[in-house]
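Engineer: This is the structure I want to talk about, given as structure tokens.
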DNA sequence: GGGCTACTTCGACATCCATCTAAGTAGCGA
DNA sequence: TCGCTACTTAGATGGATGTCGAAGTAGCCC
């Protein structure tokens, strides 16, 4: 009846900041300098919603035209926010004909989650 | 031999933004407005390191005097960053005699991690 | 009380940032 | 090629933010 927690997935690129949560040991200056821009990118209500709209969308990608309608903001402003998210690698985009599609880059969000939290994907033997 | 993932811990205060990760369904405007300031608070390399120093410290609390030495910044600047972290509820503090001690407020960091990530603490039957 | 230490608050300043309008680019269809 | 749609880039602007020095507050000890 003993509980056993076995981490089986580490969606990590091998860096210490990914493997070790904030709470386990002090973040180095280099790690903090690398992570801060990622958190800064999501530290805006519009970008949080954009990221969520993109990440949760059926099919994994969204046309910009589907995003602008969700906000009372001009198209350049939405474009600016998308650029911020793209610059830090959270999302990527491609033009296909008239439209531009955005999708979530896998792993990056998981890494941020892993830095903050003690939660681990676990399996049982 | 089937893997089974049973969430046993949900360090959540009951709000939707906590239970449901960003990737599962679109964040509401209210949720995004509430979460953004929290991410903004940790979206700075100095505050990330401060938070990590506090969170990972033996005994759970740290004297400010132990923090200032870790940075090449003036005391007012450190004090300012601590205030930012405290304002959003990530940390709390108390004066005991000459010194002021800071500690991590439980749950808040877990909640942010839960919003970003699909990772769940799991147990096995 | 006087002086010392440990912070915090205040005020200033330079920089960054979210937003807008206007203008630019890219594809499509007539 | 002309016009239309779908963005993106450029430039401007008001507001937020990180940092500092100086001053304020709080506790301790002589």
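The values are calculated or read from the model by the stated rules, or taken from the named source; none is laboratory data. Because the structure is a prediction, the values reported are computed rather than measured. Every residue, glycine among them, receives a Cβ derived from its backbone with ideal geometry; neighbour counts consider all protein chains shown.
Engineer: Kindly evaluate residue A:79 against the criterion of being within 10 Å of DNA strand C (Cβ to nearest atom), surrounded by fewer than 20 Cβ atoms within 10 Å (Cβ to Cβ) and free of Cβ contacts under 8 Å to residues at least 24 places away in the same chain.
Structural biologist: In short, yes.
Engineer: Can you pull out the helices (runs of 4 or more DSSP H) entirely within segment A:41-125 that have at least 3 residues that are within 9 Å of another protein chain (Cβ to nearest Cβ) and touching a strand residue (DSSP E or B) at 6+ places or on another chain (Cβ under 9 Å)? Please lay out each step first, then the result.
Structural biologist: Details: elements: A:45-55, A:64-68, A:75-87, A:108-116.
Counting at least 3 such residues, we get A:45-55.
Engineer: What residue, among those in segment A:84-109 that are within 16 Å of residue A:49 (Cβ to Cβ) and within 11 Å of DNA strand C (Cβ to nearest atom), is surrounded by the fewest Cβ atoms within 10 Å (Cβ to Cβ)?
Structural biologist: Taking the candidates together, the pick is A:84.
Condition check ((1) out of contact with any helix residue (DSSP H, G or I) (no Cβ under 8 Å at 6 or more places or on another chain); (2) modelled with pLDDT of 95 or more) across all residues:
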{"position": "B:1", "(1), (2)": "yes, no"}
{"position": "B:15", "(1), (2)": "no, no"}
{"position": "B:81", "(1), (2)": "no, yes"}
{"position": "B:88", "(1), (2)": "no, yes"}
{"position": "B:91", "(1), (2)": "no, yes"}
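Engineer: Go through (1) under 17 Å from the mean Cα position of the chain (by Cα); (2) under 24 Å from residue B:109 (Cα atoms) for residue A:83 and report which single condition fails.
Structural biologist: It is condition (2) that residue A:83 fails.
Engineer: A further question on this structure: Which one of these does residue B:37 not meet: (1) within 9 Å of DNA strand C (Cβ to nearest atom); (2) out of contact with any helix residue (DSSP H, G or I) (no Cβ under 6 Å at 6 or more places or on another chain); (3) in a helix (DSSP H, G or I)?
Structural biologist: (1)
Engineer: Let me ask another. For segment A:24-40: of the residues being at the interface with another protein chain (Cβ under 7 Å from one of its Cβ atoms) and buried (at least 19 other Cβ atoms within 10 Å of the Cβ), which is farthest from residue B:45 (Cα to Cα)?
Structural biologist: Residue satisfying both the conditions and the ranking: A:26.
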